[in-house]
Structure formats: C-alpha cells, structure tokens
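Quick notes on the structure that follows.
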Amino acid sequence: MTQDIHTSDRSDVSPGRGFDRRTVLRGAALGAAAPLIPATAAAAATASAGRDRGGDRAARSVSFRWLGTAGWRIDVGGRTVLFDPYLTRFPTGLFDGGLDSGTELKTDPAVVDAHIGRPELVLVSHSHWDHLGDVPYIAKTTGARVIGTETTYHLLTALGVDPKQISVVKGGEVLDIGTITVEVVPSLHSRNKNCSYFAPGTLNAPPTTVPSTIADLPEGDTLAFQVTAGKHGPSAFLMGASDFSERAVRGLRPDLAMVAVPTATSTTHDYVPRLLSALDAPGVVVPVHWDNFELPLSGSPVRDPAMDLDAFLARVEKASPATRTVVPDYRTVYDGDMRPANR
C-alpha cells in the first residue's frame, strides 16, 4: 500500500442531558424520489466502471474537496454534489470533556457559502448535527435537492425547507441524475463500548417543536452513498459513520472509498478487513471523520484524540496492500484519482 498525506464519529461519548427526552418511531418513507433505473443494470455498470481504471473515466472533469468530518464537495463537469456538508463547526464541549446536548444549533452563512459552490444535490447520511447542521441553510438558499432518510425529511421540513426539495430514500435506490448516478446504500451508525448507538431515534412525523439544539437531531437511521460520475466513473463510496452492512455493500466495487475512522473503543468486528473485502479492495481509501470538527476549516486538520488514524492506516495496509491511502486536508482540490488537481 502507498500512502499520500496532504497536510467523529464519537459514538463512545456519553450523550449527556437531553437526548432521551423524546420517544420516536420508525415509519414509512415519504417524499418524492428522483427517477430510478433498474438496480441490476446500474450495479453492472458501476462494477464495470469501477475496474476501468485506465479507461475513459473523465477523471480530469471530476474534483473532490474534503469539507471536514465526513463531508465532501464533488464537482462533475460543472455540477456540484455535497455529502454531509457540516461547515459551521460550533463548540459543544465534545472535545473538552463534556458534551452539552443543549447546545443551540447555528449556521455561519459566510463560512458555508465560501465552501459549497452552487450545489444541486445534497446527500445526507444521517441526522446528527455534525452531518445535518448546515443542510437547512444550504437547501433554502440554493434550492438544492436533499436526499436522506424519513427522519431527515421531517427535521428539514420543521426547519423550513420546502418538502418538494427533499427525496426520502431507504437504501437500495439507484438514482439517475443526468451525468451522475447515485446509489443509496443501507448502512449503520457506529456503536460505543457498550454496543449502544449514540443519540438514536427516528421520526415518522414532524417534531412537535422546531429543532433548536443538537439534542433535537436524532440519528434517524444511517445511509451510505456511491456516486458515479459520467458513464465510466470514477465512483466514490461515501460513509458518514464507522459501520456498514456487509451484504449491502458487496458488489459496489468503487474506485474510491471515503471510509469513516472508528474510535478506539469501537465494537464493530474486523471493521476494516470486512469492509475492504466487501468493496473488493478499492484502488484508493480516504479516511474521514478523524478530525476535531469543532475547530474552523481555516486551519489544518487537528486529530480527534478518540480516533487512532495511524492504526486505521495500518489496518488498511494489512488488509489490502495494493490500496493507496490518501489522508486529506481542507485546502487541497483532488482529481478523480484523489491526487492534487494542480499537480
């Protein structure tokens, strides 16, 4: 394995006060879905594209920007897709020894606007604040379509987003968005040393009050996404939390895998080797969700002390020696092979 370095998933943290104050139920998905193509045909096309590394994959017309945490901005021939764009990064006490679940939600428009371009699609893995926090502002100011769970739908509509802009998905959908294909993958959130989820809960109806604190944003189930640019890729597998459904990801065969780093106390069995085997040894692995996401994006990434990035990289090397790893930074624009675009 070769490694390029250019430069939280904090489910082991006690949720503190407030997260147990609501009872939420799972329900049927709502919202308008984008046009679908048959999953079998799309999977075959994705698999072919994922191994056509030397072919016409339009890699130079694709760019990737890491937005910190699990977030990405993907530009494909002038079209912009965002994944889990959390940019305001306000303090909650999480990295100072005591999470305050009563911390008020906030968005800094100047910070968000500086990073997002003109997105037409926003993919949301789950509804915790460090994934969903800036999405209401982005949706309302850009008109971008948001794709996420039913819980994401109810939270966003309560926060003033037009329901017609939101497509509810469950996992398994393959969305044909013109020159971009988005495959929705059912996934899992990580668990702590007690095998418990952090701030769980789902919504099958709008909340009774407008969400105002981080405690008002439960997980709401978790998704992963595979985004394929053009006819021949590249394809990127995007994770928002450090666990996965092994059966759900088999056959995806992405060129790039943006993999969430687990905490040292993660209870997911053989996380890295199982994931890389199921994905058929991606050409490039990019670790995400290892940075302190309460520090501004204006500096260099600072590691979350709960995440052992070095151990993660070593596990990737052991499990898939031919895989190249790229540790991203906030300032670099990467091409479709995850190499600096201005090299």
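The values are calculated or read from the model by the stated rules, or taken from the named source; none is laboratory data. Quick caveat, the model's predicted, so the values are computed rather than measured. With ideal geometry, Cβ positions are generated from the backbone for all residues, glycine too; neighbour counts draw on all protein chains shown.
Here are 160, 133: which of them is under 16 Å from the mean Cα position of the chain (by Cα) and modelled with pLDDT of 95 or more?
133
So how many residues does region 211-256 have that are more than 15 Å from residue 70 (Cα to Cα) and not in a helix (DSSP H, G or I)?
22
Given the criteria buried (at least 20 other Cβ atoms within 10 Å of the Cβ), closer than 30 Å to residue 252 by Cβ and hydroxyl-bearing (Ser, Thr, Tyr), does residue 137 qualify?
Considered against the rule, which asks whether it is buried (at least 20 other Cβ atoms within 10 Å of the Cβ), closer than 30 Å to residue 252 by Cβ and hydroxyl-bearing (Ser, Thr, Tyr), residue 137 comes out as no.
Looking at region 111-127, can you tell me whether even one residue there is farther than 30 Å from residue 179 by Cβ and at pLDDT 95 or above?
Scanning region 111-127, I find no residue that is farther than 30 Å from residue 179 by Cβ and at pLDDT 95 or above, so the answer is no.
Tell me yes or no: at least one residue of region 243-253 is buried (at least 20 other Cβ atoms within 10 Å of the Cβ) and modelled with pLDDT under 95.
yes
Return a yes/no flag: does region 88-106 have any residue that is under 13 Å from the mean Cα position of the chain (by Cα), at positive phi, in a loop (DSSP other than H, G, I, E, B) and modelled with pLDDT of 95 or more.
Checking region 88-106: not a single residue is under 13 Å from the mean Cα position of the chain (by Cα), at positive phi, in a loop (DSSP other than H, G, I, E, B) and modelled with pLDDT of 95 or more.
Can you tell me which residues in region 330-340 are under 18 Å from residue 116 (Cβ atoms) and in a loop (DSSP other than H, G, I, E, B)?
Within region 330-340, 330, 331, 332 meet the criteria.
From the list 236, 260, exactly one residue is in contact with a Phe, Trp or Tyr (Cβ under 9 Å, 6 or more places away or on another chain), within 19 Å of residue 174 (Cα to Cα) and buried (at least 24 other Cβ atoms within 10 Å of the Cβ). Which is it?
Step by step, each of 236, 260 is checked, and only 236 is in contact with a Phe, Trp or Tyr (Cβ under 9 Å, 6 or more places away or on another chain), within 19 Å of residue 174 (Cα to Cα) and buried (at least 24 other Cβ atoms within 10 Å of the Cβ).
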